[in-house]
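Down below is the structure, laid out as structure tokens.
The values are calculated or read from the model by the stated rules, or taken from the named source; none is laboratory data. All values derive from a computational prediction rather than experimental measurement. Counting neighbours? That spans all protein chains shown, and the Cβs are built from the backbone with ideal geometry, glycine included.
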Amino acid sequence: MSLAPFLLTFKLALCATAILTATGIPVALWLANRRSLLASGLEASVALPLVLPPSVLGFYLLLLFRAKGPLGAAWERFFGHPLVFNFEGLVLASVVFGFPFMVQPLVAGVRSIPKELIEASATLGKPWWTTLVRVVLPNMKASILTGCVLAFAHTVGEFGVVLMVGGNIEGETRVVSLAIYDAVEALDYRSAHVYASVLFAFSFLTLLVAYRVNRRFFSA
């Protein structure tokens, strides 16, 4: 058994969660305050990874990321290396696949904020960024934590999309879920059990800590 898949998995999860937090909050703020057909279409698009098989999403991301694809060609032109079968490709694929796990809790958090608080801030003549920083974000701390934990834990457990976009390259794209698959294929059940047990324990403890923190510090 090697520690490399664990290190790569947690590095991937941290990178994806950071990007999801930075992009998910603006998207959630926009979606929470819109009732148009465009907003409904965007919300449905964001939620698609929840119902699409990972292999389907991974296949279309592979077409998009490959050297002949629009994004893959631009990436290789600017950075000098392909996006598929590379760590950067895994990060982008994980962001797409993890988007609903970040955005949906954030949307719920924004919609739960009493409108009176936001209206009071506007009445006092505060600019929108002051309202955002001092009113909106502090009142959705629990939702931000939930979104980060779900996105991180989901990325740690990814398999189908990772395999389609990143392949199974040791030291580059072989995360823990793929290491488990390799061990089972080789009938090395002892290593597979160790990998799976660590992943199971980590996922459970992550969720447990998040729920405890939410109840202790953010519950009304």
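One residue stands out in the range 59-106 among those that are of a type in the set (S, T, N, Q) and either modelled with pLDDT of 95 or more or not in a loop (DSSP other than H, G, I, E, B) (or both): the one that is surrounded by the fewest Cβ atoms within 10 Å (Cβ to Cβ), namely Q104.
Specify the residue that is surrounded by the fewest Cβ atoms within 10 Å (Cβ to Cβ); the eligible residues are those in the range 170-203 that are under 22 Å from the mean Cα position of the chain (by Cα) and of a type in the set (V, I, T). That would be V198. For V162, are the conditions met, namely being over 26 Å from L63 (Cβ atoms), touching a Leu at 6+ places or on another chain (Cβ under 9 Å) and β-branched (V, I, T)? So V162 does not fit the description; no. Among the residues of the range 12-41, those that are without any contact (Cβ under 8 Å) to a residue 24 or more places away in the chain and either in a loop (DSSP other than H, G, I, E, B) or within 14 Å of the chain's Cα centre (by Cα) (or both) comprise A18, A22, R34, R35, S36.
Looking only at residues in the range 132-152 that are under 13 Å from the mean Cα position of the chain (by Cα) and among the hydrophobic types (A, V, I, L, M, F, W, C), the one that is nearest to A108 (Cα to Cα) is I144. The residues of the range 191-211 that are more than 18 Å from L150 (Cβ to Cβ), in contact with a helix residue (DSSP H, G or I) (Cβ under 8 Å, 6 or more places away or on another chain) and of a type outside the set (F, W, Y), listed by number, are S191, A192, A196, V198.
Considering only residues in the range 42-58 that are assigned to a helix (DSSP H, G or I) and of a type outside the set (A, V, I, L, M, F, W, C), the one that is farthest from G167 (Cα to Cα) turns out to be E43. All conditions in (1) touching a Leu at 6+ places or on another chain (Cβ under 9 Å); (2) over 26 Å from R174 (Cα atoms); (3) not hydrophobic (A, V, I, L, M, F, W, C) hold for K115, with the sole exception of (1).
Selection of helices (runs of 4 or more DSSP H) fully inside the range 107-220 by the criterion of at least 1 residues being at pLDDT below 85 returns 115-123, 128-131, 189-213.
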